[in-house]
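Working notes, structure below.
The values are calculated or read from the model by the stated rules, or taken from the named source; none is laboratory data. What you see is a predicted model, and the numbers here were worked out from it, not measured in a lab. Cβ sites come from the backbone with ideal geometry, for glycine too, and all protein chains shown count toward neighbours.
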């Protein structure tokens, strides 16, 4: 069998309108996504998607789009099945920019799984398993957030993730009102998105302890990672590292310093599946559980995340509501399906999701 070669890559500015969604670092009014389709000379096409979150990763839709042009040009004529070699080349083109790189990583894994005629979870060594996601409430007035929590529970949501990090006193009031509104049986996890100062973090978490908080994601800015060990040792609420972990080296250092109880894995931070596996494995070796998280991806990248979560046995928490927290359009065909907050996927080879060609025709695009 001749070596497979990449013949062309089509890149789309995959903008998805959404209801404005606020976190500690800002408000998003549309999903700033990029979609690619990598065609090979053996008739297999791989799909990949990233979701830029500028205030967290330092990349925009336009920077991802422009980087994608360079990546596509560099890969033309090369073997997509040599995943480590291809991804190493992207690091030689530009440092960082993991969100843009994740798009290409996903497309390679899609091609590889399709070549093996396996759904991606099976290609990664996993099997089907039940997965239930949380649903996220953005930052707003305490009474509005409590009302939204009631709506979630009425729809059958059993795990609610609450965005905090704007103002410590208000954050405590937000959780107080939400817990009072929904009772004690619903799981609450919180995410400060780096919003609290190192002085406030412990005080806020101590005040939140009576409200049965499962864990707190990223209480302080990542440049305060050296303060995390003390916070972990003294906080009554467990700490999950998010923005502090982009690579497995970040995970290695935090774990060695006892600076987190768990880790949130996101393809937009890790650069895709290849590095995410390394983060997962080092966390597993140290008995540190992981969560599968995301930015504002459509059901394309969400499908890839579901495959990954099914294949990685140290992923115990699921924050996989990216297309449910404001997207007003769903142009994806196939892929992950929701039954309430329970996720499932079929047995199609690869990621198993595509985008409606009619939707793609209206997007700005280029082919390399």
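Miscellaneous remarks
- If the condition is being touching a helix residue (DSSP H, G or I) at 6+ places or on another chain (Cβ under 8 Å) and surrounded by fewer than 16 Cβ atoms within 10 Å (Cβ to Cβ), then the stretch 209-229 contributes only 212.
- Residue list for the stretch 118-151, filter: more than 21 Å from the chain's Cα centre (by Cα) and under 18 Å from residue 177 (Cβ atoms): 140, 141, 142, 143, 144, 145, 146, 147, 148, 149, 150, 151
- Residues that are within 16 Å of the chain's Cα centre (by Cα), buried (at least 19 other Cβ atoms within 10 Å of the Cβ) and assigned to a helix (DSSP H, G or I) within the stretch 276-300 comprise 276, 279, 280, 299, 300, listed in sequence order.
- So residue 199, is it outside the structural domain of residue 57 (by TED's automatic domain parsing), over 26 Å from the mean Cα position of the chain (by Cα) and within 22 Å of residue 257 (Cα to Cα): yes
- Filter pass, residue 263 being assigned by TED's automatic domain parsing to the domain that holds residue 237, farther than 15 Å from residue 130 by Cα and surrounded by fewer than 20 Cβ atoms within 10 Å (Cβ to Cβ): no
- Considering residues of the stretch 18-41 that are out of contact with any helix residue (DSSP H, G or I) (no Cβ under 8 Å at 6 or more places or on another chain) and modelled with pLDDT of 90 or more only, the residue surrounded by the fewest Cβ atoms within 10 Å (Cβ to Cβ): 41
- Criterion applied to 67, 117 was being more than 20 Å from residue 278 (Cβ to Cβ) and out of contact with any helix residue (DSSP H, G or I) (no Cβ under 6 Å at 6 or more places or on another chain), and the one residue passing it is 117.
- Residue among 68, 180, 149 that is touching a strand residue (DSSP E or B) at 6+ places or on another chain (Cβ under 8 Å) and either assigned by TED's automatic domain parsing to the domain that holds residue 311 or at positive phi (or both): 149
- Checklist (1) surrounded by fewer than 21 Cβ atoms within 10 Å (Cβ to Cβ); (2) at pLDDT 95 or above applied to residue 269, failing item: (1)
- Count of the stretch 70-92 residues which are within 19 Å of residue 273 (Cα to Cα) and surrounded by fewer than 14 Cβ atoms within 10 Å (Cβ to Cβ): 5
- Looking only at residues of the stretch 301-321 that are under 26 Å from residue 85 (Cβ atoms) and either at pLDDT below 95 or under 9 Å from the mean Cα position of the chain (by Cα) (or both), we find that the one that is surrounded by the most Cβ atoms within 10 Å (Cβ to Cβ) is 301.
- Where residue 338 falls short, out of the listed (1) crowded, with 19+ Cβ neighbours inside 10 Å; (2) part of a strand (DSSP E or B); (3) out of contact with any helix residue (DSSP H, G or I) (no Cβ under 6 Å at 6 or more places or on another chain): (1)
- Residue within the stretch 53-62 that is more than 19 Å from the chain's Cα centre (by Cα), at pLDDT below 90 and surrounded by fewer than 19 Cβ atoms within 10 Å (Cβ to Cβ) present: no
- Filtering the stretch 124-168 to residues that are touching a helix residue (DSSP H, G or I) at 6+ places or on another chain (Cβ under 6 Å), within 23 Å of residue 338 (Cβ to Cβ) and assigned to a helix (DSSP H, G or I) leaves 145, 149, 150, 153.
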